[in-house]
Amino acid sequence: MLRPIPAKILRSTVTVSVCTSADTYQNQAYTDYTISRVHLQPTNEVRKTADNTDITLRSILFVDARISKPAFDWSANLHSAHNLGGDMRVTCDGETYTVVGCDKLKDDANRLHHWEISLV
């Protein structure tokens, strides 16, 4: 059984900028969302991308399914931004990161437990 993420570490608030449209000249427009009660963990983990390229992550953002507010579908927004030729960015404490992946982790009852957002 997955234990809950301790509420005491979910102290950060982030701004998520998602590419939501692109005009005929490929000028992109972004929409900002504020997500509270998350945890940003610095890392230097190396992961493989879909095209088998190594990338070094700067941080991993942990977003709890119950405590973090508001609910936000990270994978749908990332997919939509990439389809428009844009990206998704996360800003926390003055640092801006680019989202390169998101993992949806489920508990033993197959319910969403938390998101792990890979940032460079």
Mind listing just one residue for me: the one in segment 7-43 that is in contact with a helix residue (DSSP H, G or I) (Cβ under 8 Å, 6 or more places away or on another chain) and in contact (Cβ under 8 Å) with a residue 60 or more places away in the chain and, of those, nearest to G85 (Cα to Cα)? C19
Quick test for you: out of D93, D23, D64, pick the one residue that is in contact with a strand residue (DSSP E or B) (Cβ under 9 Å, 6 or more places away or on another chain) and at pLDDT below 90. D23
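Output the number of residues of segment 85-103 satisfying the condition of being more than 19 Å from R11 (Cα to Cα) and either of a type outside the set (A, V, I, L, M, F, W, C) or assigned to a loop (DSSP other than H, G, I, E, B) (or both).
Number of matching residues: 7.
Output the residues belonging to segment 44-61 that are in a strand (DSSP E or B) and either closer than 14 Å to T15 by Cα or touching a residue at least 60 places away in the same chain (Cβ under 8 Å) (or both).
R47, I55, T56, S59, L61
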For D93, the lone unmet condition from (1) out of contact with any Asp or Glu (no Cβ under 7 Å at 6 or more places or on another chain); (2) closer than 18 Å to E116 by Cβ; (3) surrounded by fewer than 16 Cβ atoms within 10 Å (Cβ to Cβ); (4) not basic (K, R) is (2)
Just one of the numbered conditions (1) surrounded by 15 or more Cβ atoms within 10 Å (Cβ to Cβ); (2) farther than 14 Å from C102 by Cα; (3) under 15 Å from the mean Cα position of the chain (by Cα); (4) not acidic (D, E) is not true of Y30; which one? (3)
Looking at (1) closer than 20 Å to A29 by Cα; (2) within 12 Å of the chain's Cα centre (by Cα); (3) not in a loop (DSSP other than H, G, I, E, B), can you tell me which one H82 breaks? (2)
Out of everything in segment 44-61 that is hydroxyl-bearing (S, T, Y) and at pLDDT below 95, what residue ends up being farthest from H114 (Cα to Cα)? T53
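The values are calculated or read from the model by the stated rules, or taken from the named source; none is laboratory data. If you're wondering where the values come from, they're calculated on a predicted model, not measured in any experiment. In this analysis, Cβ positions are derived from the backbone assuming ideal geometry, glycine residues included, and neighbour counts consider all displayed protein chains.
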